[in-house]
Amino acid sequence: MRAKRLMGIALAAGVVAGAGLFLSLRPALAQPLPGLELRLSMTEEPGQVVGTLRLLLLLTLLALVPAILLLTTSFTRIIIVLSFVRSALATQQVPPNQVLIGLALFLTFFTMAPVYNEIKTQALDPYLAGQISQEEAWDRGSKPLREFMYRQTREKDLALFIRMAGLPDPRTREDVPLYVLIPAFVLSELKTAFQMGFLIYIPFLIIDLVVASTLMAMGMFMVPPIMISLPFKLMLFVLVDGWYLVVKSLLESF
């Protein structure tokens, strides 16, 4: 009876709270909502056409922001190395994908902060102040990002895409277009990430081999080696402070 009484009191309190919330929001809900009208009209002024095209180009670039974030920053290397760590531990979905992606994003923001601050100082702030044009802001803003990608790109990968594009040998870094630099940068990032992942795999692979050999020597063929090796791998990873070492190695690699 006491439990039923408590449930009744809680239900009544919930109803009263919901009613109070609805009454408090009722004046706001009664206000008319702002309208949004999109209208296309013919014009003979070239300036309006150029402004419309610039707006469409800006909306297109905003739609491509996730791809730009993935392919022109340190995110690719970081998420691949973190995925290798989880695979080497054989913990399946621990840490979950949301945690790995969130950690990779924040590490990306941390490593790219100097580049973004330089873009803001040299390009974004002068453009918002009306001191430079959009074209000049693009040129200024792309330079810090190009410098970052150049530092992480191997000459062999860059030469491959220059040759495939049929371009002459560039004399300076500014002679290399972005459509050549970006895939070369991504290819170099993939190679670096797999090299780091291989080094991470070695100690855990040794543990798996030792455990499997021990079980075979003891005649325990029906026992999955992963059941015995997983606690040892977790213990090793915790004792050496594995996440600290992995994150430190990632940050120092840039």
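Quick notes on this structure:
- Residue in the stretch 177-184 that is over 23 Å from VAL115 (Cα atoms), outside any loop (DSSP other than H, G, I, E, B), out of contact with any Leu (no Cβ under 7 Å at 6 or more places or on another chain) and open to solvent by 60 Å² or more (accessible area, probe 1.4 Å) present: no
- When restricted to residues that are crowded, with 16+ Cβ neighbours inside 10 Å and more than 8 Å from the chain's Cα centre (by Cα), the stretch 96-110 contains 3.
- Complete set of residues in the stretch 199-241 that are in contact (Cβ under 8 Å) with a residue 60 or more places away in the chain and within 30 Å of TYR150 (Cα to Cα): ILE200, TYR201
- Taken over the stretch 137-156, residues that are over 20 Å from the mean Cα position of the chain (by Cα) and either farther than 18 Å from VAL176 by Cα or in a loop (DSSP other than H, G, I, E, B) (or both) amount to 2.
- Among the residues of the stretch 125-176, those that are acidic (Asp, Glu) and surrounded by fewer than 18 Cβ atoms within 10 Å (Cβ to Cβ) comprise ASP125, GLU135, GLU136, ASP139, GLU147, GLU155, ASP169, GLU174, ASP175.
- VAL115 vs. criteria of a type outside the set (D, E, K, R) and in contact (Cβ under 8 Å) with a residue 12 or more places away in the chain: yes
- Just so you know, in the stretch 201-254 the residues that are of a type in the set (Gly, Ala, Ser), within 22 Å of VAL81 (Cα to Cα) and in a helix (DSSP H, G or I) include one that is most open to solvent (accessible area, probe 1.4 Å), and it is SER249.
The values are calculated or read from the model by the stated rules, or taken from the named source; none is laboratory data. Note that the coordinates shown come from a computational prediction; the quantities given were computed from them, not determined experimentally. Here Cβ is always computed from backbone atoms with ideal geometry, including for glycine, and neighbour counts include all displayed protein chains. For the accessible areas, the whole protein counts, side chains as well, though only heavy atoms, and no ligand, DNA or RNA atoms are used. Shrake-Rupley method; radii C 1.70, N 1.55, O 1.52, S 1.80 Å.
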